[in-house]
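Notes follow once the structure below has been shown.
The values are calculated or read from the model by the stated rules, or taken from the named source; none is laboratory data. Being a predicted model, the structure only gives us computed values, none of them experimental. Don't worry about glycine lacking a Cβ; one is built from the backbone with ideal geometry, like all the others, and counts go over all protein chains shown. In case anyone asks, the SASA skips ligands and DNA or RNA and just uses the protein heavy atoms, side chains included. Shrake-Rupley method; radii C 1.70, N 1.55, O 1.52, S 1.80 Å.
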Amino acid sequence: MQRRSRGINAGLILLFSQIFHVGLSNIPPVTLATLGLNVWFFLNPLKPLYSSCISVESCYQQKDWQRLLLSPLHHADDWHLYFNMVSMLFKGFNLERRLGSKWFAYIIATFSVLTGVVYMLLQFVFAELMNEPDLRRNCAVGFSGVLFALKVLHNHYFPGGFVMVLGFPVPNRFACWAELVAIHFFTPGSSFTGHLAGILVGLMYTEGPLKKAMETCAGMFSSSSGYLGQHYYFNSSGYSGYQDHSPYSRPGSHERAPNNYDVYTAGLSEEEQLERALRASLWDRGNNRNGPPPYGFRLSPEEEMRRQRLHRFDNQ
């Protein structure tokens, strides 16, 4: 883990450009709040990185449990923040709309703590099996463990299809494992154990007892009106209305899609997300009126025909 570099934060500028390019009103509230919280702690860290990162030695042996809360919200540098928040932006679109804002916030909070716990357990086991006590001192920081858990959820709720990992098509259900290996070998300084911890937490939710345990806890602390409340849906003009929703899969449950475009469905590798985010952030609407629409949106056939007719009219 390296210390945060000083000077112009190009990654932060590019992240702001991407967020405003998508539009603040188009980003679901919990996703937007998560982005804002991570940016805030990057600009105003509560503690230095070496006092907020998580390891077996610092957190468990020294009983510094606050690191479980601090480590996901701190990032080593602006590009670390950018990669993670761009990934969070597009995963949040689908998952928050699918699960509802309250339940998605519950998931983010639970995963943030649980990935840290699983990370420490894995590091302890690896240190014992490999007879490498220094592994207990390996310190990790950042939101990527939570993002790998969200990858598992996204592949669970939106199955099928392929993603490109290092130029090779990989079935969606195996994408997390392929990206785990690819990032480990091609991204120096990344935490293999932290990413693995995220995948395991995601599997605990989709295949194990975690979801049931979370539902039980939510029921214990909820009122008779229900913990999860209502689920919003949104379109290009902001929030459009509400409907009852719960994370249980119910036959016949309906989710209204955006009226004027389909929100990008995520599931891409980190490299593909960055590539498209860069293209979108540098896209000049005034000079490329006949080019592709902004990243994150897809025009309906009617709007595409209308846009082409307008372009032909302007050229006459």
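In region 1-151, the portion of solvent-accessible area held by carbon and sulfur atoms comes to 63 percent [1.4 Å probe, whole percent, DNA, RNA and ligands not counted]. Dipole orientation for region 1-159: of the candidates SER52, VAL22, LEU73, VAL22 has the Cα lying most toward the positive pole (charges on Cβ; Lys, Arg +1; Asp, Glu -1). For ALA109 and SER17, a Förster radius of 35 Å and the Cβ-Cβ distance give a FRET efficiency of 0.80, rounded to the nearest 0.05. Label positions at LYS212 and VAL117, each projected 7 Å from the Cα along the C-beta direction, are separated by 1.7 nm.
Taking 25 Å as the straight-line reach from the Cα of LYS63, the lysines in range (excluding those fewer than 8 positions away in the same chain) are LYS47. Take region 120-195 with all the other protein chains still there, run a 1.4 Å probe, and you get 53 Å² of accessible area per residue. Given R0 = 30 Å, the distance between the Cβ atoms of LEU129 and LEU46 translates into a calculated FRET efficiency of 0.30. When only alpha carbons are used to place a centre, region 187-201 and region 171-185 end up 11 Å from one another. Between PHE162 and MET220, the distance separating the two model label sites (each 7 Å from Cα on the Cα→Cβ line) works out to 4.6 nm. The separation of region 64-123 from region 140-162, counted between C-alpha centres, amounts to 10 Å. Charge dipole of region 64-195 (Cα centre as origin; +1 on each Lys and Arg Cβ, -1 on each Asp and Glu Cβ, all else neutral): 520 debye, rounded to the nearest 20.
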